[in-house]
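Written out below as structure tokens is the structure these notes cover.
Here, each number is a calculation from the coordinates, and none is a lab measurement. Predicted model, so just to flag it, every value in this text is computed and none were measured. Glycine gets a Cβ as well: all are built from the backbone with ideal geometry, and neighbour counts include every protein chain shown.
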Amino acid sequence: MPIDPQSPIEIVTLDWVPDFARGYVRDYRVRWALEEAGIGYRTDPISTLRRPASHFAEQPFGQVPAYREGPVRMFESGAIVLHVAERSEALLPSDPAERARALCWMFAALNSIEPMLMELTNVDLFAKGEEWATLRRPSLAAAIDKRLGQLATALGDRDYLEGRFTAGDLLMASALRALDHTDLLDAHPVLAAYQQRCLARPGFVAATGAQLAELKTEMPEAA
Ligand SMILES: N[C@@H](CCC(=O)N[C@@H](CS)C(=O)NCC(=O)O)C(=O)O
């Protein structure tokens, strides 16, 4: 279902991004959560090159996604995923102990895994060739490898971090996508298989497919 022009839920997205970011713009995390929950949504793509001043009232940093639902106005994809997850057993178990564990993994993804991986993205892509980046990479790759090993141990032989899929897996698999330009996951086949399992879910496929279908392919005029 989820794209639904009548839905009261609206996700603010970008109208265009460079090729490397296509399918990775974080509105896919919100779309994915809504797909898993079976909740319809519509989108409001804003101009990437000329973001309306009003957008900063909704997203203080001018980024996406932002989220509108009646009087609710949200930014930060993790907070929005939690907001959606709170109304769906498919994303957050109702059992208090299980729910608490899912919350732990949501924050672990965003706070204990993703920052290291974003630093690597910075080193490998945005600061590529700079002396500091070349010097930083080996120790950073080693730290990431250690953290991935710990994550693989925690996962063990389960399909998902707590056995069944939760919003924690949604955010963890999303965070791990920051390694797509590297082979660092290859050293941890259990994690690689886990990520593939998460990304094979129909909700992820629909979410990224919808994002790709909506993004303009040509860079709009910057005028
Ligand atoms: N922590 C924010 C990060 C949002 C973010 O980085 N959005 C990117 C797209 S993936 C963006 O809007 N980039 C354009 C920019 O920073 O100007 C979240 O998870 O919502």
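Structure values in brief
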quantity: Using distinct alpha-carbon pairs, which all enter the 1/r mean, Kirkwood radius of segment 96-201 in Å; calculated: 14.2
quantity: Modelled FRET efficiency - R0 22 Å, THR121 with MET219, Cβ distances, 0.05 increments; calculated: 0.55
quantity: Neighbour cut-off at most 16 other Cβ (10 Å), DSSP loop, GluC sites (Glu not before Pro), segment 37-127; calculated: GLU86, GLU89
quantity: Net charge, PRO202 excluded, C-beta distance under 10 Å - Lys, Arg +1, Asp, Glu -1; calculated: -1
quantity: Sites LYS128 and ARG50, calculated FRET efficiency, Cβ-Cβ separation with R0 35 Å, nearest 0.05; calculated: 0.80
quantity: Karplus-derived HN-Hα couplings along segment 163-179 (A = 6.51, B = -1.76, C = 1.60, θ = phi - 60°), whole Hz, x at Gly and Pro; calculated: x, 10, 5, 9, 4, x, 5, 4, 6, 5, 4, 5, 4, 5, 4, 5, 8
quantity: Highest average packing first - 33-44, 123-134, 13-24, Cβ atoms within 10 Å; calculated: 33-44, 13-24, 123-134
quantity: Mean ellipticity per residue at 222 nm, deg cm²/dmol - from DSSP H runs of n ≥ 4 across the chain, formula -39500 (n - 2.57); calculated: -14000 deg cm²/dmol
quantity: Residues with amide H under 5 Å from that of ILE46, placed H, sequence gap 5 or more; calculated: THR13, LEU14, ASP15
quantity: Length-normalised contact order of the chain in % [C-alpha pairs under 8 Å, at least 6 apart]; calculated: 27
